[in-house]
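Notes follow the structure.
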Amino acid sequence: MRKLIILFIIVFPFVSHAQNLRGIVYGNEQDGKQPLPGVNIFWQGTNSGTASDGDGNFEIRKQEHQHMLVFSFVGYETKTLHVDNLNKLEVILQPNLEIEEVSVVRKNRGTYLSAMETIQTERIGGAELHKAACCNLAESFETNPSVDLSYSDAITGAKQIKLLGLDGTYSLLQVENMPNLRGLATTFGLTYIPGPWMESIQVSKGAASVLNGYDAIAGQINAELKKPDSNEKLFLNVFGNADSRLEFNGNTNIRLKGDTLTTGILVHGHDLSAKNDHNNDGFLDEPLSQMFQVGNRWKFNNHQGYMAQAGINLLWEDRLGGQVDASRNMTPSVDNPYGVSIKNNRFDAFFKTGYVFPNGRTAVAWLSNFSQHETDSYYGLTDYVADETRFYGSAVLTRDLDISGWHTLNSGFSFIFDDFDEMLYGSDIRRIEKVPGIFTEYTYKPNANFTLMAGLRADFHNIFGNFVTPRMHFRYHFANHFTLRGSAGKGYRTANVISENIYMLANSRPLSWKRDVMQEEAWNYGIAFVQNYMLLGRDLTLNAEYFRTDFQSQLIVDRETSSEYILLSPLDGKSYATSLQFDLRWQPVERLDMLLAYRINDIKQTIGGELKEKPLTNKYKGLINLNYTTNLKKWMFDYTVQFNGGGRIPRYPGDMPLGQSDNNFTSFEPYTIMNAQITKYFRYWSIYVGVENLANFKQENPIEGADNPFGPQFSATNVWGPVMGRKIYLGLRFNLNYE
């Protein structure tokens, strides 16, 4: 295994309309700062103002000779700030303790479908992350209507997400607007970002901006971590469930030079040492696991246009799954229990810096990140060892083309370096990927109601040659209540054929592939219509959206053509995915938030020369999420119901038992999952208790051939539902803010 140390530099995202002042407004609550929607923001002595959106974000036109900006909200002290530049503001309002009785007119919504973004974007805030156990990024989507969460298999504990009905590999996963969790981190990377470390998540659907790269096909998911200059001084979280999983999270921010130079330290650890086999099939329901990671972040802001951030993160993970009697010290052998051992070591680092010129119309930025990942594992009798070194860098120049700010141009270049080394079935598979690229994106925004964004990038791949990525988005807000969005664009993705499907080794059939790396290519089209009303004095949001993805090239996982192998082969025919979703967000009574959603999926691939429904994919999903908070936020109650449609189970025709005519062998029926949580808030801490999978629904026999794991009928990869039953958990949060 090679050890490489690379120096890196990274960038800070900038505003695209430099004449507008942007920021976010928080309320200093008992459980930490929370975004405040509906805050009145105006220039002192004028009628020029705006209001913060559901995430507390605001944008206001900079007025000449006006420097005093006023923030006013019922139940909070009015705050006036002196503003002499266009740096993004973070404003914290203190509760007005002198008011004897406060009527809360809007409570903070955990999720918010932005009416201002050009791209269809759902924002998940801190309040939403508190609605469930939310141990990591993957589990943050259990109350989300757009993202599906499931297990990849029944042994490793790997979780996967789907957006627009497509696997998470087709969504660009970013951490603070930098591509991450790729390559060797694909299988388990969603569990590498602890939930308590996150500040918010943004889920964008369809083709993303060309500034972010060429590999967003279904959409983009960006996780924002807690910043070292935030108002949070100390946060601690302990968690445990009935299956003996224990977890600790903590972070602290230290102000070394006021809010100019700050640093943050983040710690995470979890342990599951108890052996659980609730269905008595002789296999662990969940692998034994230990993980420890620590991060350190730095931020410098001179409040005169220059900002820089840097940080590192170290992770160590050890998983052991398989039969109950499997042990970490055993030698893989047919004479020993069937085991799956996975050890991951990962190092991440970043540094980003940027500068806004004094004229406020030009900004430059450079961003990059670096990761080193090592995997040492075996699945039954098969060893898999891999090592990856990855570097990403991008330079961006943002320029307002006119003084009005109607025309904006973002241009720059990027570079990807990926050194991959894998060993499977005794073969050493090595490749180096180098991809320089250039891009430009033009934005036309004549007013707050209309935006047109058109982008183009060209990339020069050392393996796949040169290719061009065009993308376009528009947004039109009309008649006060309606927002229409449309998007179209192309996406490319490097498919790491083996590492992305390594969980398939938990199967009696070995993998067979023609190429260890290939490029996937697809067009994505989408349209969304959002309506905002006031019903009984409360916000009502209706959303309807349709997206279609057409693949020109794709990696197909074929478990139905060969009785001897699982085939990983290029697409030969048609492949498409359509997603039609409707959702409603409303507060029917004071302090009760309601989310209703329904989505229909139509996803088909050509497998073995025949266009078929993509296996292990739900035909539809329905969701009901209710959140009720008592007066003054003493208690919070959450309840979620998921209605999951049936689907197809992949089968080789010869696998059908003799005389078997039961459709359950080749398909699964719809099922329902319920989650609930109760949280009690105190001044500095809160306690929460909850249950996942309240009705205790479990997939029957998730491990086929469990009685003979080294035999020809063994498979742990046909997973379509929960492999774990009801899980009860208890947690405690402590939060201390700077005064």
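The values are calculated or read from the model by the stated rules, or taken from the named source; none is laboratory data. These numbers were taken from a predicted model, which means no experiment stands behind them. Cβ placement follows ideal geometry from the backbone for every residue including glycine, while neighbour counts extend to all protein chains displayed.
Details
- Among the residues making up the stretch 154-173, those that are of a type outside the set (Asp, Glu) and part of a strand (DSSP E or B) are Lys159, Gln160, Ile161, Lys162, Leu163, Leu166, Ser171, Leu172, Leu173.
- Of the residues making up the stretch 443-471, just one is surrounded by 13 or more Cβ atoms within 10 Å (Cβ to Cβ), outside any strand (DSSP E or B) and of a type in the set (A, V, I, L, M), namely Ile463.
- Enumeration of residues in the stretch 325-382 that are part of a loop (DSSP other than H, G, I, E, B) and charged (D, E, K, R): Asp325, Arg328, Asp335, Arg361
- Against the test of being touching a Leu at 6+ places or on another chain (Cβ under 8 Å) and buried (at least 24 other Cβ atoms within 10 Å of the Cβ), the options Ala223, Ala154, Ala218 yield a single qualifying residue, Ala218.
- Top-ranked residue of the stretch 32-48 - restricted to ones that are at pLDDT 75 or above, part of a strand (DSSP E or B) and not aliphatic (A, V, I, L, M), ranked as surrounded by the fewest Cβ atoms within 10 Å (Cβ to Cβ): Asn40
- Which numbered condition Pro702 fails, given (1) buried (at least 18 other Cβ atoms within 10 Å of the Cβ); (2) not in a loop (DSSP other than H, G, I, E, B): (2)
- Among (1) under 30 Å from Pro712 (Cβ atoms); (2) touching a Pro at 6+ places or on another chain (Cβ under 9 Å), the one test that Asp516 misses: (2)
- Filter result (in contact (Cβ under 8 Å) with a residue 40 or more places away in the chain and surrounded by fewer than 19 Cβ atoms within 10 Å (Cβ to Cβ)) within the stretch 318-327: Val324
- Answer residue from the stretch 11-31, given it is more than 26 Å from Leu367 (Cβ to Cβ) and modelled with pLDDT of 80 or more and is surrounded by the most Cβ atoms within 10 Å (Cβ to Cβ) among those: Val25
- Residues that are among the aliphatic types (A, V, I, L, M) and surrounded by fewer than 20 Cβ atoms within 10 Å (Cβ to Cβ), drawn from the stretch 707-739: Ile728, Leu730, Leu732, Leu736
- Only listed residue being in contact (Cβ under 8 Å) with a residue 24 or more places away in the chain, basic (Lys, Arg) and surrounded by fewer than 19 Cβ atoms within 10 Å (Cβ to Cβ), chosen from Arg599, Arg559, Arg591, Arg585: Arg591
- If you go through the stretch 193-217 and keep only what is within 11 Å of Arg457 (Cβ to Cβ) and either in contact with a Cys (Cβ under 6 Å, 6 or more places away or on another chain) or of a type in the set (A, V, I, L, M) (or both), you end up with Val210, Leu211.
- One residue stands out among those in the stretch 498-540 that are hydroxyl-bearing (Ser, Thr, Tyr), surrounded by fewer than 19 Cβ atoms within 10 Å (Cβ to Cβ) and not in a loop (DSSP other than H, G, I, E, B): the one that is modelled with the lowest pLDDT, which is Tyr533.
- Single residue of Phe283, Phe248, Phe235 found to be surrounded by 21 or more Cβ atoms within 10 Å (Cβ to Cβ), under 28 Å from Lys33 (Cβ atoms) and at pLDDT 95 or above: Phe235
- Checked against (1) over 25 Å from Tyr525 (Cα atoms); (2) without any contact (Cβ under 8 Å) to a residue 12 or more places away in the chain; (3) not basic (Lys, Arg), Asn466 passes all but a single condition, namely (1).
- Taking strands (runs of 3 or more DSSP E) as the structural unit, those lying wholly within the stretch 221-282 and holding at least 1 residues that are within 30 Å of Lys698 (Cβ to Cβ), touching a residue at least 24 places away in the same chain (Cβ under 8 Å) and of a type in the set (D, E, K, R) correspond to 245-257, 261-272.
- Selection of the stretch 300-317 for residues being at pLDDT below 95 and either more than 23 Å from Lys257 (Cα to Cα) or buried (at least 20 other Cβ atoms within 10 Å of the Cβ) (or both) yields only Met307.
- Hits in the stretch 395-410 - residues which are touching a Phe, Trp or Tyr at 6+ places or on another chain (Cβ under 7 Å) and either crowded, with 21+ Cβ neighbours inside 10 Å or assigned to a strand (DSSP E or B) (or both): Ala395, Thr398, His407, Leu409
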